[in-house]
């Protein structure tokens, strides 16, 4: 057997896995941006188009999972390679769930397309942008194997949680004052929860980057430092 050829083939498989994960991440990031734009602009057409894009994300998840299983079965990776492959398997699960949440945002955007504006809408968009930036930076950390950047993403999740906490009392006060607003307010509250969950998934990705690089499981641990100013 030509060992050198086998090594090159193995490296090619790992590189293909890396590229497919990055492509899926870029598509999910783009989809999230469209979903937030559909909500803020009350754009039903964009929301509908974005929902249809979820099918490609599902297909990418299946394809990447299959490649990971093939590498595990054929190559039996160890050490850093094993962490890389298992991280990819977990990472695409979070990406797929972010895409699903993007679909949820679009569905609520369609329902709210004719609703009158409310002062929490800019806050929801801002939380969404914070979550989108966290996702972008978590994927950058994955590409570079940058633990410091990953930890910064983890810390920023507290800012998203704090912003989301502002939504609930605001919307409860609105529903108390105007019972006719209950349906729309409930949808807005759901939207806030969706973007907060997206930030949680971005945090999961960042935690996996730390595991991939250092072999250290930091899930359910306290943030590495105080959160930066909002």
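The values are calculated or read from the model by the stated rules, or taken from the named source; none is laboratory data. All figures in this text were calculated on a predicted structure; none of them were measured in a lab. Note that we place each Cβ from the backbone using ideal geometry, even for glycine, and neighbour counts take in every protein chain shown.
Out of everything in the range 117-126 that is touching a helix residue (DSSP H, G or I) at 6+ places or on another chain (Cβ under 8 Å) and farther than 17 Å from residue 196 by Cβ, what residue ends up being surrounded by the most Cβ atoms within 10 Å (Cβ to Cβ)?
118
Of all residues in the range 24-47 being out of contact with any helix residue (DSSP H, G or I) (no Cβ under 7 Å at 6 or more places or on another chain) and part of a helix (DSSP H, G or I), which is surrounded by the fewest Cβ atoms within 10 Å (Cβ to Cβ)?
Among those that are out of contact with any helix residue (DSSP H, G or I) (no Cβ under 7 Å at 6 or more places or on another chain) and part of a helix (DSSP H, G or I), it is 45.
Please go through the range 178-210 and pick out each residue that is surrounded by 19 or more Cβ atoms within 10 Å (Cβ to Cβ), more than 16 Å from residue 168 (Cα to Cα) and more than 15 Å from the chain's Cα centre (by Cα).
Once the filter is applied, which keeps residues that are surrounded by 19 or more Cβ atoms within 10 Å (Cβ to Cβ), more than 16 Å from residue 168 (Cα to Cα) and more than 15 Å from the chain's Cα centre (by Cα), the range 178-210 yields only 210.
Please tell me if residue 163 is on the phi < 0 side of the Ramachandran plot, modelled with pLDDT of 95 or more and buried (at least 17 other Cβ atoms within 10 Å of the Cβ). Break it down into steps so the answer makes sense when it comes.
Details: on the phi < 0 side of the Ramachandran plot: yes; modelled with pLDDT of 95 or more: no; buried (at least 17 other Cβ atoms within 10 Å of the Cβ): yes.
When the stated conditions are applied, residue 163 does not pass them.
On the given criteria, is residue 112 touching a helix residue (DSSP H, G or I) at 6+ places or on another chain (Cβ under 9 Å) and modelled with pLDDT under 95?
Numbers: touching a helix residue (DSSP H, G or I) at 6+ places or on another chain (Cβ under 9 Å): yes; modelled with pLDDT under 95: yes.
Here the answer is yes, as residue 112 does meet what is asked.
Based on what the data block shows, is residue 103 surrounded by fewer than 21 Cβ atoms within 10 Å (Cβ to Cβ), at pLDDT 95 or above, within 19 Å of the chain's Cα centre (by Cα) and closer than 23 Å to residue 168 by Cα? Reasoning before the result, please.
Values: surrounded by fewer than 21 Cβ atoms within 10 Å (Cβ to Cβ): yes; at pLDDT 95 or above: yes; within 19 Å of the chain's Cα centre (by Cα): yes; closer than 23 Å to residue 168 by Cα: yes.
So residue 103 fits the description; yes.
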